[in-house]
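Visitor: Structure provided below as structure tokens; questions to follow.
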Amino acid sequence: MTRKAGRLPRAGPGLRALAAAGVVAVATAGCSSHAPQDFLRPAGPVARDEGNLWNLTFWIAVAIFVIVEGLIVFAMLRYRSRPGRRARQFHGNPKLEAVLVVVPALLLAGIAVPTIRTIFTVAAKPTGSNVVNVTVTAHQFWWQFDYPDYGFSTANELHIPTGAPVYFTLKGVDVIHSFWIPRLAGKQDVVPGHVNHLALSAPHPGLYRGQCTEYCGLSHANMRLRVYAEPPAAFQAWAEHESQDASIPRSGAAARGADLFVNGAKDGTFPGGPACVNCHAINGLRNAGTRPGLIGPDLTHFASRDTFAGATYSNTESNLRRWLEDPPAMKPGSDMPDLGLTRQQIDDLVAFLEGLK
Ligand SMILES: [Cu+2]
């Protein structure tokens, strides 16, 4: 060994460049201007209250970090071994130890006051005549949204009126999911067999993104959602439209599609599984919707949605065609199987679904 004992090996230029690149990558990742799920930019009172609490604890933690690390560095420099002097060792200092117990305890007690206040504020059930109730049912891997006051069901895309409190009732049917719209409110777990609640409101119109934030299986990352906050009149118009039955086509490809939807290819099935109606509801369609939304999204106004399949694909004709060809190929683990549809059947079904405005 030629190297002097006690010295760390020096990093080569390659390793140093790699480390520098890592630091730059981590630092700049925080600078994205397009960050629709940035909880540090709250867009509603609930997210703002939670953000304020986060800011408070963050800056206290930063202060503690600087003080503690500063003292460590100070002690290391001040008392380290030098030529002709051994490093100093300390052992036991009851006064100092008492301070080290009392100061953190006081800090925690201090932080508990705004924490508990915020917990009670954000957990309060909203009251008033303008509260909008939404029942959220989390499925692998999509969100079912029921509006009990209006009596309709939709999927993955929520509409809410600006300024009004929205009260969610969260239910799960399979595994644990978590409902998160970062700019409007913190996460809330969705647990099978246990009902949770979440309240939020959005003062400003806009499109807010959200997603499942509890790992739930293959397509966890494809379990997203959208919130359209719109002025109350626009919301009312949307809700009234959603409450209406679908207009069922009487002739042409779309009518053949409607027939396939209910009756399947033959014997009420397709080669790869049951007819659509066994899993999907369409209000106004004969035989459809006996158990609405139990397995797949309500499709009554499918064509009025911007996205589908957990808000992962935009609702275009070509995407829909690919979906009907082989859903799990587009969305791994999807509970909608490849039904083995023919090109003609897909054409007819697409014509039908595209008309469900
Ligand atoms: Cu999930």
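The values are calculated or read from the model by the stated rules, or taken from the named source; none is laboratory data. In this text the structure is predicted, and so the values were computed from the model without any measurement. We place every Cβ from the backbone using ideal geometry, glycine too, and count neighbours over all the protein chains shown. Note: accessible area is taken over every heavy atom of the protein model, side chains too, but ligands, DNA and RNA are not part of it. Shrake-Rupley method; radii C 1.70, N 1.55, O 1.52, S 1.80 Å.
Visitor: Given DSSP loops and a limit of at most 13 other Cβ atoms within 10 Å, what is the longest stretch of the chain that contains no such chymotrypsin sites (Phe, Trp or Tyr not before Pro)? Intermediate results must be reported in sequence, preceding the final value.
Guide: Numbers: sites that count: Phe90, Tyr215.
Answer - 216-357.
Visitor: Roughly how many Å² of Ile60 are accessible to a 1.4 Å probe, to the nearest 10?
Guide: 50 Å²
Visitor: Looking only at the stretch 61-184, where both bridge partners belong to it, what percent of the DSSP beta bridges are antiparallel (to the nearest 5)? Write down the numbers at each step before the final one.
Guide: Details: 10 of 17 bridges.
Rounded to the nearest five, the antiparallel share is 60 percent.
Visitor: Moving on to the next point. Only Cα pairs within less than 10 Å get springs; with that Gaussian network setup on the chain, which residue of Gly110, Gly264, Gly340 has the largest fluctuation?
Guide: Maximum among the listed residues: Gly110.
Visitor: Using modelled backbone amide H atoms (1.01 Å from N, in-plane), which distant-in-sequence or interchain residues come within less than 5 Å of Thr300's amide H?
Guide: Asn283
Visitor: Which of the three applies to the stretch 303-357, rounded, prolate or oblate, going by the alpha-carbon gyration tensor with a ≥ b ≥ c and a/c under 1.5 meaning rounded? All intermediate terms of the calculation are to be shown ahead of the outcome.
Guide: Working: a/c = 2.12, a/b = 1.05, b/c = 2.02.
Oblate, because a/c is 1.5 or more while a/b does not exceed b/c.
Visitor: With θ set to phi - 60°, apply the Karplus curve 6.51 cos²θ - 1.76 cosθ + 1.60 along the stretch 185-191 and write out the HN-Hα couplings as whole Hz, x wherever there is a Gly or Pro.
Guide: Each residue of the stretch 185-191 in turn: 6, x, 6, 9, 5, 10, 10 Hz.
Visitor: For the chain, modelled as a Gaussian network with Cα springs under 10 Å, which listed residue fluctuates most, Pro231, Pro114, Pro297?
Guide: Greatest mean-square fluctuation among the candidates belongs to Pro114.
Visitor: Continuing with the same structure: Taking the Cα centre of the stretch 252-353 as the origin and placing charges on Cβ (Lys, Arg +1; Asp, Glu -1), which of Leu299, Gly272, Ser318 is farthest toward the positive end of the dipole?
Guide: Result: Leu299, furthest along the dipole toward the positive end.
Visitor: Using a probe radius of 1.4 Å on heavy atoms only, what accessible surface per residue do you get for the chain? Whole Å² is fine.
Guide: On a per-residue basis, 57 Å².
Visitor: DSSP beta bridges in the chain, what fraction antiparallel, as a percent rounded to 5? Before the final figure, lay out the partial values.
Guide: Values: 33 of 46 bridges.
Roughly 70 percent of the DSSP beta bridges within the chain come out antiparallel.
Visitor: Cut-off 15 Å, label point 7 angstrom out along Cα-to-Cβ of Leu107: give me the residues of the stretch 56-88 whose amide nitrogen falls inside.
Guide: From the stretch 56-88, the list is 56-72.
Visitor: Once a ≥ b ≥ c are taken as the square roots of the eigenvalues of the Cα gyration tensor of the stretch 199-357, is the result rounded (a/c under 1.5), prolate (a/b larger than b/c) or oblate (a/b not larger than b/c)?
Guide: Taking the square roots of the gyration eigenvalues as a ≥ b ≥ c, the stretch 199-357 is oblate.
Visitor: Still on this model: Dipole of the chain, Cα-centred, from +1 at each Lys and Arg C-beta and -1 at each Asp and Glu C-beta, to the nearest 20 debye? List each step's numbers first, then the result.
Guide: Working: 33 positive and 27 negative charges, 620 e Å.
Around 2980 debye, computed over the chain.
Visitor: Could I ask something else about it? Tell me, what ³J(HN,Hα) does each residue in the stretch 337-347 have, in order and in whole Hz, if you take phi through Karplus 6.51 cos²θ - 1.76 cosθ + 1.60 with θ = phi - 60° and put x for Gly and Pro?
Guide: Couplings: x, 6, 8, x, 6, 7, 4, 4, 4, 5, 3 Hz.
Visitor: Please work out the C-alpha center-to-center distance from the stretch 133-149 to the stretch 249-323 and express it in whole Å.
Guide: Here the answer is 18 Å between Cα centres.
Visitor: Using the Karplus curve 6.51 cos²θ - 1.76 cosθ + 1.60 with θ = phi - 60°, what ³J(HN,Hα) values do you get for each residue of the stretch 104-114, in whole Hz, with x for Gly and Pro?
Guide: x, 4, 5, 4, 5, 5, x, 5, 4, 5, x
Visitor: Assign unit charges at the C-beta atoms only (+1 for Lys and Arg, -1 for Asp and Glu), then state the dipole size of the stretch 252-353 relative to its Cα centre in Debye, rounded to the nearest 20. Please list the in-between numbers first.
Guide: Numbers: 9 positive and 11 negative charges, 24 e Å.
Using Cβ point charges on Lys, Arg, Asp and Glu, the stretch 252-353 gives about 120 debye.
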